[in-house]
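A.B. asks: Sharing a structure, written as structure tokens. Questions coming.
The values are calculated or read from the model by the stated rules, or taken from the named source; none is laboratory data. Quick caveat, the model's predicted, so the values are computed rather than measured. In this analysis, Cβ positions are derived from the backbone assuming ideal geometry, glycine residues included, and neighbour counts consider all displayed protein chains.
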Amino acid sequence: MRRSNFDAQMQRPSVTAFGVFDGLHLGHQALIEHVVRLASQVGGAASIVTFDPHPAQVLSPTSAPELIGTLEQRLEGLEILGVDQVGVLSFDEFAARESAAAFVERVLVGYLGTTDLVVGDDVHFGRGREGDIALLAREGERHGFRVHTSPTYGGASRFSSTEVRARLGEGDVRGAREILGRPFVLRAPVAHGDARGRDLGFPTANLRGAPRQKLPATGIYAAAVRWGRGEWRCGAVSVGTRPQFYEEGDLLVEVHLPGFDGDLYDVVLDVAFLERLRGEAVFDTLADLVTQMTLDVQRCEEIFEKFTPGAWVLLG
């Protein structure tokens, strides 16, 4: 797959879709599959235009959403879905002021030579969100491209990155999985910690998340973990502030890998959240905590035994 920052002419003609595509949920996947299928039929390049940073980080930074996935994860997913080329458009003050018609002419027509455009049935874009399907239909007649819509609903529910974030915020990783079509995967490097887990007999890899990266609600989770393109391993994950030791601790993600004894500092982990076991708790004694952690790890191993990554789009 070819990636461009639009500093050079991209492959033309194109069947195109544009958007942030944060999380690459089932609605995104259906739209992208439509692009790939149509490109094969008409002989064009399956092309995606995505934005980095998220437009809301420029338009309303104080209320901008936390991201479900990194740009790297997004690009990997697009390649797996069969996209030929991705243009990463830097969203800045210029882009925020650009009219919808100007965006169409500059990017979709000028860079990509779009012959067919696939959009969600709720599309809005451009200055003041003025761009919609009606505007695209007019611009399509003017510039000679066809507009196709892809549904954003699955049954009675709308596929939505916002809803994924809401489910994660409730700790409902199963609900998030229903929208994503796969488990939520946190990708982050391992940082040095204070070794409390090792002292208790449960060494952990402490993850250093990116700024504005979405995390599930505090609690204990069963997970599948890998690094690089290695095999998935069982993981027991704590997302929380460690109230057993600190009255007001920092929010941390700690990953215990049963049976693993090695150095993972600075290694980037993929952590697929499979199920929430319980919330954070304070125990009467450290012995009680260790007993519960032992039970948690046993439950994680049981859940991991049923994990089949090959059945999950973008995880295999």
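A.B. asks: Could you look through the range 285-301, keep only residues that are without any contact (Cβ under 8 Å) to a residue 24 or more places away in the chain and of a type outside the set (Val, Ile, Thr), and pick out the one that is nearest to residue 77 (Cα to Cα)?
C.D. replies: That would be 298.
A.B. asks: Here's another thing I want to ask about it. Have a look at 105, 72, 66, 98 and point out the one that is under 19 Å from residue 163 (Cβ atoms), assigned by TED's automatic domain parsing to the domain that holds residue 130 and acidic (Asp, Glu).
C.D. replies: Exactly one of 105, 72, 66, 98 is under 19 Å from residue 163 (Cβ atoms), assigned by TED's automatic domain parsing to the domain that holds residue 130 and acidic (Asp, Glu), namely 66.
A.B. asks: Restricting to the range 176-193, give me the number of residues that are assigned to a loop (DSSP other than H, G, I, E, B) and in contact with a helix residue (DSSP H, G or I) (Cβ under 8 Å, 6 or more places away or on another chain).
C.D. replies: 3
A.B. asks: Of all residues in the range 87-106, how many are of a type outside the set (A, V, I, L, M, F, W, C) and either assigned to a helix (DSSP H, G or I) or touching a Gly at 6+ places or on another chain (Cβ under 8 Å) (or both)?
C.D. replies: The number of residues fulfilling the criteria is 6.
A.B. asks: May I ask you to list the residues in the range 110-135 that are touching a residue at least 40 places away in the same chain (Cβ under 8 Å) and either charged (D, E, K, R) or not assigned by TED's automatic domain parsing to the domain that holds residue 34 (or both)?
C.D. replies: Across the range 110-135, the qualifying residue is only 116.
A.B. asks: Considering (1) at positive phi; (2) assigned to a helix (DSSP H, G or I), say which one residue 24 fails and leave the rest.
C.D. replies: Only one criterion in (1) at positive phi; (2) assigned to a helix (DSSP H, G or I) is unmet by residue 24, namely (2).
A.B. asks: Right, another one. Being farther than 27 Å from residue 108 by Cβ and over 20 Å from the mean Cα position of the chain (by Cα) is the filter here, so list the residues in the range 120-176 that pass it.
C.D. replies: Across the range 120-176, the qualifying residues are 155, 156.
A.B. asks: Would you say residue 69 is among the small types (Gly, Ala, Ser), within 28 Å of residue 215 (Cα to Cα) and not in a helix (DSSP H, G or I)?
C.D. replies: Yes, satisfied.
A.B. asks: Just give me the residues in the range 255-287 being out of contact with any Phe, Trp or Tyr (no Cβ under 9 Å at 6 or more places or on another chain) and surrounded by 15 or more Cβ atoms within 10 Å (Cβ to Cβ), in sequence order.
C.D. replies: Those that are out of contact with any Phe, Trp or Tyr (no Cβ under 9 Å at 6 or more places or on another chain) and surrounded by 15 or more Cβ atoms within 10 Å (Cβ to Cβ): 255, 257, 280.
A.B. asks: Checking the structure you have, find out if any residue of the range 41-53 is touching a residue at least 40 places away in the same chain (Cβ under 8 Å), assigned by TED's automatic domain parsing to the domain that holds residue 83, under 20 Å from the mean Cα position of the chain (by Cα) and part of a loop (DSSP other than H, G, I, E, B).
C.D. replies: no
A.B. asks: Considering only residues that are assigned to a loop (DSSP other than H, G, I, E, B) and of a type in the set (Gly, Ala, Ser), which ones fall in the range 273-315?
C.D. replies: If the condition is that a residue be assigned to a loop (DSSP other than H, G, I, E, B) and of a type in the set (Gly, Ala, Ser), then 279, 281 are the ones that fit.
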